[in-house]
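Student: This is the structure I want to talk about, given as structure tokens.
The values are calculated or read from the model by the stated rules, or taken from the named source; none is laboratory data. Since the structure is predicted, the reported quantities are computational estimates derived from the model, not experimental observations. Positions of Cβ are backbone-derived with ideal geometry, glycine not excepted, and every protein chain shown enters the neighbour counts. For accessibility, only protein heavy atoms count, side chains too; no ligands or nucleic acids. Shrake-Rupley method; radii C 1.70, N 1.55, O 1.52, S 1.80 Å.
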Amino acid sequence: MPTDTKRVRGPEVSQSPSLFSCVPAAVLPLKGPRADGRRRDQVDVRPVFVRCGLVSQAKGSAYLEAGNTKLMCCVYGPRETDRKDETDMKCGRLTTDMRFAPFSCPERGSWIQGSQDKDFSLMLHESLQPAICLHKYPRSQIEVNVMVLENSGSVLAHAVTCASLALADAGIEMYDLVLGCSMRQDGTSYVVDPSYMEENGCNSVSCENQGGLTVAFLPSLNQISGLQSDGEMTEETLTAGVRTCIEGCYKLYPVIQRALTKAVRKAAPSQSES
């Protein structure tokens, strides 16, 4: 049998390092500052870095960093759609695809789209579609592709923001930008823009009033375009969580506006050229 010369082969008696790294999940404290220094029970989001127009082959693109969460989004189109039916004749079609890079999570994944990727793609589609003027693009298709380079929590909320920024960079007509924010409720305490450990860590309280919430918000129109929740939360807690996420979206709005303004000024021709 031929030998794979490109693979570094270990001894025959070797074992996977993952067998020795089985450390029990740490119990996250419910009081005091969070692991990264942010405050609990406050609308304290991570610093965000955004940049537009990094992929020259795409009609529009955006890169976003929030802490250690890193995403890249590319927008292609509008292009003529292959499938023509009565709906396509009146308005365009939006397709979304969200994938995790194999190295994005602590446990290495696969390039094949899994169930989580499909669920996130559907949530991304439902959050972006109300903000796009699809009636301006009949018989056309707009493709939005999001790649998660590193998952450090709140990946769906930041994917919504990054995709909205890429659509604006592509010149797609929209009613408003779409911003995303998420929060995690643990009993009487909550955290905004949770990290990966806060989303998947265990705690010592009971299972009552625990869950996560992600909101997609149109800041100029003051409307919610998408909402996704999991766990068990009371009606009062869910209502307060939606208001908290909306306040977090308003905190991100100036950063996104400055990034778009900078991209437009960079793409505009200089006075000497005109």
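Student: Of all residues in segment 213-236, count the ones that are among the charged types (D, E, K, R) and under 16 Å from Phe120 (Cβ atoms). Let's see the steps before the verdict.
Tutor: Step one: filter segment 213-236 for residues among the charged types (D, E, K, R), giving 230, 232, 235-236.
Okay, now just the ones that are also under 16 Å from Phe120 (Cβ atoms), so 230.
Residues meeting the conditions: 1.
Student: Just one of Gln228, Gln210, Gln141 is closer than 17 Å to Cys249 by Cα and of a type in the set (S, T, N, Q); which is it? Outline the logic, then answer.
Tutor: Working: Gln210 fails: closer than 17 Å to Cys249 by Cα; Gln141 fails: closer than 17 Å to Cys249 by Cα.
Criteria check complete, one pass: Gln228.
Student: Looking at (1) at pLDDT 90 or above; (2) open to solvent by 30 Å² or more (accessible area, probe 1.4 Å), which is the only condition Ser115 fails?
Tutor: Unmet for Ser115, out of (1) at pLDDT 90 or above; (2) open to solvent by 30 Å² or more (accessible area, probe 1.4 Å): (1).
Student: Here are Gly77, Gly37: which of them is assigned to a strand (DSSP E or B) and more than 20 Å from the chain's Cα centre (by Cα)? Can you show your working first?
Tutor: Working: Gly37 fails: assigned to a strand (DSSP E or B).
Answer to the check: Gly77.
Student: Does Met89 satisfy being open to solvent by 100 Å² or more (accessible area, probe 1.4 Å) and at pLDDT below 80? Please lay out each step first, then the result.
Tutor: On the way: open to solvent by 100 Å² or more (accessible area, probe 1.4 Å): no; at pLDDT below 80: yes.
Here the answer is no, as Met89 does not meet what is asked.
Student: In segment 231-251, what residues are under 25 Å from Pro47 (Cβ atoms) and open to solvent by 100 Å² or more (accessible area, probe 1.4 Å)?
Tutor: Arg243, Lys251
Student: Continuing with the same structure: One residue is enough: does segment 193-216 have a residue meeting the conditions over 13 Å from the mean Cα position of the chain (by Cα) and over 29 Å from Pro106 (Cα atoms)?
Tutor: no
Student: With the requirement that a residue be hydroxyl-bearing (Ser, Thr, Tyr) and either in contact with a Lys or Arg (Cβ under 6 Å, 6 or more places away or on another chain) or surrounded by fewer than 24 Cβ atoms within 10 Å (Cβ to Cβ) (or both), what does segment 155-189 give you? Outline the logic, then answer.
Tutor: Start the filter on segment 155-189 by keeping residues that are hydroxyl-bearing (Ser, Thr, Tyr), which leaves 161, 164, 175, 182, 188-189.
Tyr175, Thr188, Ser189 - these are the residues of segment 155-189 that are hydroxyl-bearing (Ser, Thr, Tyr) and either in contact with a Lys or Arg (Cβ under 6 Å, 6 or more places away or on another chain) or surrounded by fewer than 24 Cβ atoms within 10 Å (Cβ to Cβ) (or both).
Student: Give segment 54-86 a look and list any residue that's at pLDDT below 90, open to solvent by less than 80 Å² (accessible area, probe 1.4 Å) and under 15 Å from Ala170 (Cβ atoms), or say none.
Tutor: Result: Gly77, single match.
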